[in-house]
Amino acid sequence: MFRSILPRSPQAGLRTAASQVVSSNAVFTPSVALLRRLRRGYASSSDEHDVVIIGGGVAGYVAAIKAGQEGLKARLSLTTTACIEKRGALGGTCLNVGCIPSKSLLNNTHLYHQILHDTKKRGIDVGIVKLNLEQMMKAKQTSVDGLTKGIEFLFKKNSVDYVKGMGSFVNEHEVKVDLLDGGEKTLRGKNIIIATGSEATPFLGLNIDEERIVTSTGALSLKEVPKKMVVIGGGIIGLEMASVWSRLGADVTVVEFLNQIGGPGMDAEVAKQAQKILQKQGIQFLLGTKVTNGSDSGSTVSVNVEAAKGGKEQTLDADVVLVAIGRRPYTAGLGLENIGLEIDERGRLVIDQEYRTKASHIRVIGDCTFGPMLAHKAEEEAVAAIEYIKKGFGHVNYGAIPSVMYTHPEVAWVGQNEAEIKASGVKYRVGNFPFSANSRAKTNLETEGFVKLISDAETDRILGVHIIGPGAGEMIAEATLAIEYGASSEDVARTCHAHPTLAEAFKEAAMATYSKAIHF
Amino acid sequence: MRVTTVLREAARTPLIKFIGKRTIPAILPATVDHTPTAHPASPSQTLPDSFAAYRSKAQQHGPLNNPSRLSSLSHGVIGRTPGSALGPIKPNKGEFFDRVELPVRFHRMPWTQAEIDAVETGGASLVP
């Protein structure tokens, strides 16, 4: 009699919460209603989700779709994969304020810059060229909106329950969601995946307002082109944003603590060439320089810098300062203290080889755990984590994850760089091929850069590929495949490549590694 | 063409080999060890002690709480095999679970005073 008004077990209460989730997508046929009523009597709730994913970024949404594809989805119209996202839009940093909007701006500013400075020699006379920044930002937003809505469609297609809100652990099996529309609900998961991503690391002493002192998020939405811009950090994000605003007319200075741009992983030879080319495009560099403090009290932001090893202080004034010193895992508000999961000294959640935390049903993927903070790495982990849950095996090769910097020319690499191989003591061979000797690059009048291939001297197995040049970001896919398959440089060199293509430079670099290039 | 290929392969063995369609699921139980080890990208290449401690504290219930099975799950290797490999959790015919053997979340909740009052008053105590 009182069963309906006084739940007798915690399960009963949770079933009610879970059924709210289901209701948004459920098909209300009599058979489903009957099924639910029958289920109410069992001790173990069958309404709980097979997988609850916290975070709808690249890691989270890919895991959700894969879970749906693997059958962790509709059983008699009851959704069993849920994805919680607090932004109100899927895709996370990558789609909303990262990879995608930056590529839109990089592409369109490159076009603008090329029309302004690189048409006469191609036989194209252009009239007055004007920047319409507002329209450029709209074009960026159109790309973002189209892609995020596309993911929502894929969620529906794969019966994934999309819960808009902020999720936090109540205990090891329950996640409370503060809904964006108000109210809250609790989801119970047999498996829970944490995919909360990362955020820009702030710079101590500079207050980020996303207007004058900005992270990459603010740098993607400036309302006007700054006259002067200082970029703190010469990594990939810093250099891409420096390129965007420099092309639009800003006077950009990049301050980097290390003596090399590009961040970790970029080969020194490539980094040197990239710096030379970017300098030629108008970007100024202060390498081996640290920012000591800054002030935004005046009409411009002033930043004090000095040599990293100590030296004379210098003040840089700028209309906009971009803080791009790296990213850190984002786990605030997740309620980790309620379940006692470990984080390391850099804020990363500690996991084992199958992405499991100490509680084996809670897995962590993407930026908030080990490995490079790259969207494609997160995607691979998402697929692998679901396969571990469903099939017991998964595959991510951390030795074959490519990195790309989308400046012009692009820089891309996969595997180890020369310094790393030298330090490991392995005997190696290097093959270089310049784009100035590549026919397609010649016809495109884009001959800056080269392909550098490093292979094991004994086995000829490819250890690393480093490319700076046109289309490097696309070409690195072939190199990644070669490394994934354990190919030798001769394997690549003996593979026929179409003529005339930029990819021939990759083949020729492979020829140069095991023997000699034909065209250089 | 065929002759050329034969001649070329006599001089050189490509590192890339076609290994056929992957059949990992078929050989999974025998080849994949699920014992927690450090993540390949972990800088320290170690797991905190809490991983082993948590697992050793974890207990199997019902039919999985079988001495012959547990002998193969010595300390530190819990997690080596997936739960599904441990066999069905259904009791044998004539066997029944005792609720107290199950995890706490399946136990009956103690009656609260409000509930006792509700029963004794025929629900009248619930009326504000």
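The values are calculated or read from the model by the stated rules, or taken from the named source; none is laboratory data. Because the structure is a prediction, the values reported are computed rather than measured. Note that each Cβ is placed from the backbone with ideal geometry, even for glycine, and that neighbours are counted across all protein chains shown. Keep in mind that these areas ignore ligands, DNA and RNA; they rest on the heavy atoms of the full protein, side chains included. Shrake-Rupley method; radii C 1.70, N 1.55, O 1.52, S 1.80 Å.
Assorted remarks:
- In the range B:34-50, comparing the full protein assembly with the chain on its own, the residues that lose 10 Å² or more of accessible surface at a 1.4 Å probe are B:His34, B:Pro36, B:Thr37, B:His39, B:Pro40, B:Ala41, B:Ser42, B:Pro43, B:Leu47, B:Pro48, B:Ser50.
- For the range A:213-325, fraction of C-alpha pairs farther apart than 20 Å, in %: 36 percent
- Over the range A:315-441, Cα pairs under 8 Å with separation of 6+ residues give a relative contact order of 12 percent.
- Compactness of the range A:401-520 as Cα Rg over 2.2 N^0.38 Å, two decimals: 0.96
- Scattering curve values for the range A:121-216, log₁₀ I(q)/I(0), Debye with Cα scatterers, q = 0.15 Å⁻¹: -0.99
- Probe 1.4 Å, all protein chains present, accessible-area order of A:Ser515, A:Ser403, largest first: A:Ser515, A:Ser403
- On association of chains A and B, roughly 3300 Å² of accessible area becomes buried (total for both chains; probe 1.4 Å).
- Amide proton proximity set for A:Thr501, modelled H, under 5 Å, gap of 5+: A:Arg440
- Between helix A:375-390 and chain A: long-axis angle, C-alpha atoms, 0 to 90°, nearest 10: 30 degrees
- Placing a label point 7 Å from the Cα of A:Asp209 along the Cα-to-Cβ direction, the residues of the range A:282-310 whose backbone N falls under 17 Å of that point are A:294-303.
- Long pairs among A:Lys138/A:Lys452; A:Lys86/A:Lys227; A:Lys157/B:Lys17; A:Lys422/A:Lys442; A:Lys516/B:Lys17, criterion Cα-Cα beyond 27 Å: A:Lys138/A:Lys452; A:Lys86/A:Lys227; A:Lys157/B:Lys17; A:Lys422/A:Lys442
- Contact order for chain A, expressed relative to its length and based on alpha carbon pairs under 8 Å spaced 6+ residues apart, stands at 12 percent.
- With K and R counted +1 and D and E -1, the other residues having a Cβ less than 15 Å from that of A:Lys309 yield a net charge of -1.
- Projected label points at B:Ser125 and A:Asp251, each 7 Å from Cα along the beta carbon direction, are separated by 8.0 nanometres.
- The apolar share of the surface of chain A, taken as the fraction of accessible area on carbon and sulfur atoms (1.4 Å probe, ligands and nucleic acids excluded), comes to 53 percent.
- Threshold 40 Å² - residues in the range B:104-122 whose accessible area is reduced by that much or more when the chain is no longer isolated, probe 1.4 Å: B:Arg105, B:Phe106, B:Met109, B:Glu115
- The per residue volume of the convex hull around the alpha-carbon atoms of chain A is 186 Å³.
- With a cut-off of 14 Å between beta carbons, the residues surrounding A:Val323 carry a summed charge of -2, where Lys and Arg count +1 and Asp and Glu -1.
- Sorting A:Leu180, A:Leu187 on solvent-accessible area from highest to lowest, probe radius 1.4 Å, gives A:Leu180, A:Leu187.
- The C-alpha atoms of chain A define a longest principal axis, and helix A:99-117 lies at about 30 degrees to it.
- Annotation for the range A:254-353: chymotrypsin sites (Phe, Trp or Tyr not before Pro) lying in DSSP loop with at most 16 further Cβ atoms inside 10 Å of their Cβ are A:Phe257.
- Accessible area per residue in Å² at 1.4 Å probe, computed on the range A:409-514: 40 Å²
- Nearest-20 debye value, chain A charge dipole, Cβ charges on Lys, Arg, Asp, Glu: 1280 debye
- Summed over the residues of the range A:213-325 and divided among them, the accessible surface reaches 42 Å² per residue at a probe radius of 1.4 Å.
- Mean partner shielding of peptide B:12-19, defined as the number of other chain Cβ atoms within 10 Å of each residue Cβ, is 5.
- Taking the C-alpha atoms only, the angle from helix A:133-157 to the longest principal axis of chain A is near 40 degrees.
- For GluC sites (Glu not before Pro), the sites in the range A:424-520 that DSSP calls loop and that have at most 11 other Cβ atoms within 10 Å are A:Glu458.
- Projected label distance in nm at B:Lys93 and A:Asp456, using a 7 Å step from Cα toward the beta-carbon: 5.9 nm
- Taking each DSSP H run with n ≥ 4 as -39500 (n - 2.57) and averaging over every residue of chain A yields -10000 deg cm²/dmol at 222 nm.
- For B:Ile16 and B:Val100, a Förster radius of 60 Å and the Cβ-Cβ distance give a FRET efficiency of 0.50, rounded to the nearest 0.05.
- Residues along the range A:351-392 losing 20 Å² or more of accessible surface when the other protein chains are present rather than the chain by itself (probe 1.4 Å): A:Ile351, A:Asp352, A:Gln353, A:Glu354, A:Arg356, A:Lys358, A:Phe370, A:Lys391, A:Gly392
- Those trypsin sites (Lys or Arg not before Pro) in the range A:245-340 that DSSP places in a loop and that have at most 13 other beta carbons within 10 Å: A:Lys309, A:Lys312
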